[in-house]
Amino acid sequence: MPQLPDDFDAVAVRTWCSLALEALGRERAAIDAINVYPVPDGDTGTNLFLTVESARAAVEAVFAAHGAGPSAPFPTGPASAGPACAEAVRAMAHGALIGARGNSGTILAQLLRGMAAVLADGGDADHLARALAQAAAAARRAVAHPVEGTILTVAAAAARAAGAVAAGSGLAAVAQAAHAGAAEALEETPGRLPVLGRAGVVDAGGQGLVTVLGALLETVTGRAPVHVPRQAPGPLPVAAEGAAAPVGECAGACADPANPADGAVPGDGPAFEVIYLLEAEDGAVERLRDRLDTLGDSLVVVGGDGLWNVHVHVDDAGAAVEAGVEAGRPHRIRITHFGAARVHPHTEPAPRSVVVVVPGEELRGLCEEADAVTVLVRPGKPPASGELVEAIRRAHAREVVLLPNDANLRHVAAVAAEQVRADGIRVAVIPTRAVVQGIAALAVHEPGRSFDEDVVAMTAAAGATRHAELAVAERQSWTTAGICQAGDILGLIDGDVAVIGADLPGTARTVLDRMLAAGGELVTLVLGEHVPDTLGDALEAYVREGHLAVDTTVYRGGHPGTPLLIGVE
């Protein structure tokens, strides 16, 4: 029988994140379809899914660091090794913060951060109710100009309902009240926000929050709430002739379209969405809020303790980034040009391409056979942003997925994406850290599905692929696995030296054993420029002998400086 929590502990946090991600995965497309505020852009469900996915990954990393195994929907035995609740909830909040997408995702990150601040001190029913109240208040403070009838309204209703539960009623009663209060407030959003009423839909961000709270209820009761399907929006108001409809999922931060004096006017709006993480002190962030509020709208700033997520819609994207530079150190900068996407989200998808950074000529041919545009890495000369921009433009596609395949190229890829978005090209950068992750992502690429669905699937495939690299030590050095000598073979797993060996085959076998000890269904081997095919054959036989259910694929990579790359998924 499932063990349901008496207190909201670390295992409950883990379960909640997993169930919330599963629920948002099921409902993502439906939530996208009802996203009409202030105009349709169809990405709220996707943004919430990616935000929770980042939160879950952070929690899983904490459990893995404590030696705990993979998560299950509900624990069925004694508690396994794992972190304290405080560590788990803080990881959840941090993961959501750094992975927040769009306004709804950014606000959800602040809701989770507000809950974490209380749940870190205790997980009983009283703490859960107070956590929901803290979350709603923190999210409202993060939004420059709150609007009723949005995710903020739904969060406040959940907190009020949870707070009204009698003391000593237990976690289930608090979670049930919060979910019911949120669901009731959600049904009222069309009457509070005119554009929702005209379209005949509820607020998409609020619907996403109800989904997340439903997962919370399932966590503490073992029973999922009844799912209420949502209809796609009806006919929407048409902007004045010649006016372009603004795009940007606002989820509570944009001004009321029924009151032009408050800001956004239907058919008009800023040209760019600017999002970045910011390392800065509290005082500098307050000054940044004031500065960005004069530059645009849809301003949401969430975070604390020196790390913030900044989201704003502006006409001058450069000024918004410069304001961040003046306040501290901005990074993971994303700039989206709304003009490129000012179309209804349910039109046929435009031609799409994938741009892949590859380390060798033979991998280049493999990727080009899959209709990808490639950028070749030359020894000691990583590609600059200009090369990536040229490759994206060479793809001649309105939608492009960029696979940098190197952690050191993520910033370069982000800069390139910002440049081409101004040309009207929709670009998604999947943060692949190794070429084996890029191969996994490319394998599930399907141009026929929607852009967001394709990006989510490719991101999931890349994220599920652990990667290793075998390299030759150039000199004696200290490593995380001990002291190596010049000529030793180093086995790096997920970027850290894990094995020091005397020869390539033996070290490769040790690395494979360590990676497959955590499970896997497919091993990908990429052989370097001067590595004989016999090594690939021998390792394939070794995997087959020890792991009958694991398939192995071997590629010639042609990389001159790396003898072997390994991926396990």
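Quick note: the coordinates plus some simple rules give every number you see, no bench work behind them. Please read these numbers as outputs of a predicted model, since none were measured by experiment. As a convention, Cβ positions derive from the backbone with ideal geometry for all residues, glycine included, and neighbour counts pool all protein chains shown.
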Completion exercise
Per-residue Cβ contact counts at 10 Å, fewest first, order Leu278, Leu470 as Leu470, Leu278
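Going by how many other Cβ atoms sit within 10 Å of their own, how do Tyr37, Tyr555 line up, fewest first?
The most exposed by this proxy come first: Tyr555, Tyr37.
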Practice task
Output the antiparallel fraction of DSSP beta bridges having both residues in the stretch 352-463, as a percent to the nearest 5.
Solution key: 5 percent
Handout entry: Positive dipole terminus of the stretch 466-568, leading residue within Gly506, Thr534, Ile483 (C-beta point charges)
Key = Ile483
Completion exercise
Expressed in nanometres to one decimal, the distance between label points 7 Å along Cα→Cβ at Asp124 and Asp551 is 5.4 nm
Fill in the blank from the handout: The exposure ranking of Val13, Val412, Val174, fewest beta-carbon neighbours within 10 Å first, is Val412, Val174, Val13
